[in-house]
Amino acid sequence: MSTIRVNQVQDTSTNVAANISGGVVTFTNPPLGLEDGYKQLGTPTATTSGESVTITGIPTTAKQIIVHFMGVSHNGSGGNRTFTMLLGTASGIATSGYFSTAAATGAGNGQATSTSQFAIYYEGAASDTLYGNVTLNLADSSTHTYTLTGALRSNTYVGLSAGMCNLGGALTQIKVLASGRALDAGSISVTYI
């Protein structure tokens, strides 16, 4: 095994990129991609009315987007409904190109699949209030393919979701809905990097 010992890293023009002292690396300028870490997109958006919530303003450079669910529920009119998420570009919301599954486990089990949207929580009841995160990662920037993983908890159930979407353009917006039921509680917020 070889050991390299240095106290400074310079580029070929002798500009100092980093100093090393006592095992601590101090950068002259923050490394690209790590300047500020995760950023909050605006303030939490209330999910207390309407059949959907659309969050816009996601930068086209975002590589990971985390959607935080804080007590989100629907009014239960017409029974249980699967919560879903649609992705959008500057041109609008995409309704095709998805491959997703959501499964619920707990007091009972079930699953939903979809190719027209992301299924993120299977058969939520009016008494269910969702807490947790759904994460989108840019898997292929040349095709704007995003992967999704999610974990949402409500009452005695945990909902797990996974999928992918070939969006065809940079993600700039997200739409969350409860399959035609009115949202009646909670909020959603977004962080990204």
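The values are calculated or read from the model by the stated rules, or taken from the named source; none is laboratory data. A quick note: this is a predicted structure, and the numbers were derived from the prediction, not measured. Glycine gets a Cβ as well: all are built from the backbone with ideal geometry, and neighbour counts include every protein chain shown. Note: areas computed on protein heavy atoms with side chains; ligands, DNA, RNA excluded. Shrake-Rupley method; radii C 1.70, N 1.55, O 1.52, S 1.80 Å.
Structure notes:
- Here is the figure for the stretch 1-46: residues that are open to solvent by 90 Å² or more (accessible area, probe 1.4 Å), hydrophobic (A, V, I, L, M, F, W, C) and at pLDDT 70 or above total 1.
- Residue in the stretch 147-169 that is among the polar types (S, T, N, Q), touching a Leu at 6+ places or on another chain (Cβ under 7 Å) and not in a strand (DSSP E or B) present: no
- Residues of the stretch 61-80 that turn out to be within 25 Å of Cys165 (Cβ to Cβ) and either surrounded by fewer than 22 Cβ atoms within 10 Å (Cβ to Cβ) or touching a Pro at 6+ places or on another chain (Cβ under 9 Å) (or both), as a count: 8
- The stretch 104-155, residues that are of a type outside the set (Gly, Ala, Ser), more than 19 Å from the chain's Cα centre (by Cα) and surrounded by fewer than 17 Cβ atoms within 10 Å (Cβ to Cβ): Thr105, Asn109, Gln111, Asn155
- Looking only at the stretch 83-97, and only at residues there that are open to solvent by 10 Å² or more (accessible area, probe 1.4 Å) and in a strand (DSSP E or B), the one that is farthest from Ser52 (Cα to Cα): Thr89
- Members of the stretch 138-193 found to be closer than 26 Å to His74 by Cα and charged (D, E, K, R), listed by number: Arg153, Lys175, Arg181, Asp184
- Thr54 vs. criteria within 18 Å of the chain's Cα centre (by Cα), modelled with pLDDT under 95 and assigned to a strand (DSSP E or B): no
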